[in-house]
1. State, as an integer percentage, the relative contact order of the chain based on alpha-carbon contacts under 8 Å between residues 6 or more apart.
2. For region 80-90, in order, what is each residue's ³J(HN,Hα) by Karplus, 6.51 cos²θ - 1.76 cosθ + 1.60 with θ = phi - 60°, in whole Hz (x at glycine and Pro)?
3. Shape call for region 128-181 from the C-alpha gyration tensor, a ≥ b ≥ c root eigenvalues: rounded (a/c under 1.5), prolate (a/b greater than b/c) or oblate?
4. Taking every pair of alpha-carbon atoms in the chain, give the share separated by more than 26 Å as a whole percent.
5. Apply the a/c threshold of 1.5 to the C-alpha gyration tensor of region 45-109 and tell me whether it is rounded, prolate or oblate.
6. Given a 1.4 Å probe and every protein chain left where it sits, what share in percent of the accessible area of region 1-87 is carbon and sulfur?
7. Give, as ranges by residue number, the residues of region 32-52 whose backbone N falls under 18 Å from the point 7 Å along Cα→Cβ of E99.
8. Using modelled amide H (1.01 Å from N, peptide plane; none on Pro or chain starts), what sits under 5 Å from the amide H of R2, excluding residues fewer than 5 places away?
Amino acid sequence: MRIIGGTARSRVIKAPEGRDTRPTLDRVRESVFNILQRHIRDARTLDLYAGSGAMSLEALSRGAQSAVLVDCDRAAINAQKTNVTALRFENRARILPMEDKQAIRLLCGEKAQFDLVFLDPPYAMHDLSGVMAALVPLLAPDALIVLEHSSSVMPSTADGFVMTDSRRYGAATVSFFQMIDPAPKEE
């Protein structure tokens, strides 16, 4: 695996060993970041189920302000640490070695805000409604959620979100979501 564009372009990154993670293919990442071009500059990113951290690291290479990488798998965390150090992103990347719900609670307590959220859960996880609903307090206005999922199953998502785009790449599909603007309150 390698970084596709930006300041770290062509740099090789490490993927976690074993079969517990499924790294996003270079060609998929390249396509996704072509779609995200206008969302990257100075974005604050959150990467849940980060694996190697490739999506966040690609965003940092392309000008994102910061990235929080969340994963509870030891091999993934080790790969993230190696990659962040090798790319010299230590002052812009934060690794949270914990479960998704624990990380979301921590970040909500810190009143963190994110412009871009990468979700790449295990393909067997078919219900993302709870995770997406929990993310709401962390989403900046116009935030975008990028969800990678199996092409054979569309996971259920939370109310209050709209899918703005979806692209299939063989066995993987990447779907893009934004919160629906709440209806204006009548006075």
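The values are calculated or read from the model by the stated rules, or taken from the named source; none is laboratory data. What you are looking at is a predicted structure, and each value in this text was computed from that prediction instead of being measured. Reconstructed Cβ throughout: ideal geometry from the backbone, glycine too, with neighbour counts over all protein chains shown. Only protein heavy atoms, including side chains, enter the accessible area calculation; ligands, DNA and RNA are left aside. Shrake-Rupley method; radii C 1.70, N 1.55, O 1.52, S 1.80 Å.
1. Reported relative contact order: 17 percent.
2. Each residue of region 80-90 in turn: 4, 4, 4, 5, 4, 5, 4, 8, 6, 9, 4 Hz.
3. Here region 128-181 falls in the prolate category.
4. For the chain, the share of Cα pairs beyond 26 Å comes to 24 percent.
5. Verdict is oblate for region 45-109.
6. That fraction is 43 percent.
7. Those under the cut-off are 48-51.
8. It is I13, by chain and number.
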